[in-house]
Amino acid sequence: MNAHDRTTDLISKLLHDHVPLSRTIHELRAALGDATATAPSREAHARIAAGVRAIRDDLIEHFAKEEEGLFPFLVSALPGMEREITALAAAHDGICGAAVRLAALADRDYAAFAKAFTQVRALFGRFEVAYAEHSKAEQAVLTRVAEGLSDEQRRLVAELARDL
Ligand SMILES: [Fe+2]
Ligand SMILES: [Fe+2]
């Protein structure tokens with residue numbers, strides 16, 4: 001495996017957890033799109049609430065793992081990248097804030113949820129954009145980071161990535 005392949009392999013491992021997250025977000029978008037803007041069905045509400053809770057919990061877990069294990073290691077390995085890596089962690093807060101707000105709205109009873117549905121869709125739209133931007137930024141930063149790591153550091157990062 002050459003250096004380019006090793007970098008690509010490591011990045012795909014690091015970003016692997018984004019695949020199920022993106023799938024759940026995609027399913028949620030479909031559920032929100034299926035429902036009419038004024039009156040989602042009770043079934044749609046239940047489906048949306050379950051999807052939002054899953055996204056909230058998965059994101060909180062994924063971001064915590066990045067900030068507890070991967071990011072500190074990368075900063076210590078490549079101090080010159082600290083600003084970019086810190087910015088990735090800072091973006092987690094806004095994304096989680098939107099996910100938590102969505103979950104709180106989805107946990108309302110059916111009537112209250114239906115009343116707030118326009119806001120739910122708008123909030124989901126902002127959440128989706130913020131998540132997509134973060135994913136893209138993370139991919140770009142991690143690609144640059146991986147290029148700067150030694151073989152031994154790559155091996156350690158691959159171990160951390162297994163836990164993400
Ligand atoms: Fe991530
Ligand atoms: Fe992240």
Since residue 65 meets every condition but one in (1) touching a helix residue (DSSP H, G or I) at 6+ places or on another chain (Cβ under 7 Å); (2) under 30 Å from residue 147 (Cα atoms), which condition does it not meet?
(1)
Just name the residue that is surrounded by the most Cβ atoms within 10 Å (Cβ to Cβ) out of those in region 70-89 that are within 15 Å of ligand 1 (Cβ to nearest atom) and not hydrophobic (A, V, I, L, M, F, W, C).
84
Somewhere in region 61-69, is a residue within 16 Å of ligand 1 (Cβ to nearest atom), of a type in the set (D, E, K, R) and in contact with an Asp or Glu (Cβ under 7 Å, 6 or more places away or on another chain)?
yes
Mind checking which residues of region 90-103 are within 12 Å of ligand 2 (Cβ to nearest atom) and either polar (S, T, N, Q) or free of Cβ contacts under 8 Å to residues at least 24 places away in the same chain (or both)?
90, 93
With the condition kept exactly as written, say whether any residue in region 126-147 is more than 16 Å from ligand 2 (Cβ to nearest atom) and modelled with pLDDT of 95 or more.
yes
Inspect all residues belonging to region 140-159 and state whether any of them is over 17 Å from residue 24 (Cα atoms), away from ligand 1 (no atom under 13 Å from the Cβ), basic (Lys, Arg) and free of Cβ contacts under 8 Å to residues at least 24 places away in the same chain.
yes
Scanning region 102-119 for residues that are within 22 Å of residue 135 (Cβ to Cβ) and either β-branched (Val, Ile, Thr) or surrounded by 18 or more Cβ atoms within 10 Å (Cβ to Cβ) (or both) gives 102
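Do the conditions hold for residue 39, that is, is it surrounded by fewer than 16 Cβ atoms within 10 Å (Cβ to Cβ), touching a residue at least 40 places away in the same chain (Cβ under 8 Å) and hydrophobic (A, V, I, L, M, F, W, C)?
When the stated conditions are applied, residue 39 passes them.
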Some residue of region 104-114 being more than 15 Å from ligand 2 (Cβ to nearest atom), part of a helix (DSSP H, G or I), at pLDDT below 95 and over 27 Å from residue 156 (Cα atoms):
yes
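The values are calculated or read from the model by the stated rules, or taken from the named source; none is laboratory data. In this text the structure is predicted, and so the values were computed from the model without any measurement. Neighbour counts run over all protein chains shown; Cβ positions are idealised from the backbone, glycine included.
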